[in-house]
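First the structure, in the form of structure tokens, and then the observations on it.
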Amino acid sequence: MTDIHALAGAYVLDAVDDVERAAFARHLDGCESCALELAEFRETAARLADSTWSVPPPALREAVLAEIRRTPQERPRPAGRSGSGRAGAWRRRFAVAAAAVLLAGGAGAATWVTQEQRVRDARTEAGAARDEAGRIRAVLAAPDAVVRTGAAPAGGRVTVVASASRDEGVALVDGLAAPAPGRAYQLWLIQGGTATSAGLLPAGQGGGTKLLSGVRGKGLFGVTEEPAGGSAQPTMTPLVAFALT
């Protein structure tokens, strides 16, 4: 069957039949990634009317759809076989249409490329977030996970769950006083007097969750307030510090 996720580009270009249009519209209600992709494609299409674009010829839409119709399509596969070929055909159809728009857009081609990159970047970020969430769940469920907690003198707590077998941990920072403007809380793994940065919280925020890497063999965990871009080494005595082992 058709990969419904591959229809976003064709849907924006109105290059789907009535059945596919209805199916994709229903699919959008429960698919955040397709909704994001559709919004980005529509924004790109809207750019065609921007004053920074060269005026496209009146028959641009017809030319684009004609290119789509001329693109060879794979025949339906027998029942029981993968639908990836059909999905690939849809991607080729959109690629041909995109190429036609680029040729017609003249100086506006760079804007189209920028929008396409934004879609790819959003997908990459979403994939990275899913991967990190899975790693956090794995640390919390690890049979050798240990939990350590420390309190800050001015209020707030920091909890670290560490798994030596995974060599990863999760730091949960909650309720620390907001750092000064242009400053951020930086996390540190410390062993034998050597501190290794374990990540930064967003500037100005007194709480957050960070996935930690390289926890195996580290004896201490600490939090300091540093410039928003982070420091190579702590510049102050940790506000919170406690043993991990």
Next on the checklist: Condition check: charged (D, E, K, R), open to solvent by 20 Å² or more (accessible area, probe 1.4 Å) and at pLDDT 90 or above. Does R130 satisfy that?
Outcome noted: no
Checklist entry - Residues of segment 165-198 being in contact with a strand residue (DSSP E or B) (Cβ under 8 Å, 6 or more places away or on another chain), within 15 Å of S213 (Cβ to Cβ) and surrounded by fewer than 18 Cβ atoms within 10 Å (Cβ to Cβ), which ones? => result D167, Q191, T196, S197
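Strands (runs of 3 or more DSSP E) wholly in segment 161-225 with at least 2 residues that are in contact (Cβ under 8 Å) with a residue 24 or more places away in the chain and of a type in the set (S, T, Y) - which ones?
Where strands (runs of 3 or more DSSP E) fall fully within segment 161-225 and carry at least 2 residues being in contact (Cβ under 8 Å) with a residue 24 or more places away in the chain and of a type in the set (S, T, Y), they are 208-213.
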Checklist entry - Regarding R135, is this residue touching a residue at least 60 places away in the same chain (Cβ under 8 Å), charged (D, E, K, R) and part of a strand (DSSP E or B)? => result no
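The values are calculated or read from the model by the stated rules, or taken from the named source; none is laboratory data. Predicted model, so just to flag it, every value in this text is computed and none were measured. Methodologically, a virtual Cβ is constructed for each residue, glycine included, from the backbone with ideal geometry; neighbour enumeration extends over all protein chains shown. Just the protein is used for accessible areas: all its heavy atoms, side chains included, with ligands, DNA and RNA removed. Shrake-Rupley method; radii C 1.70, N 1.55, O 1.52, S 1.80 Å.
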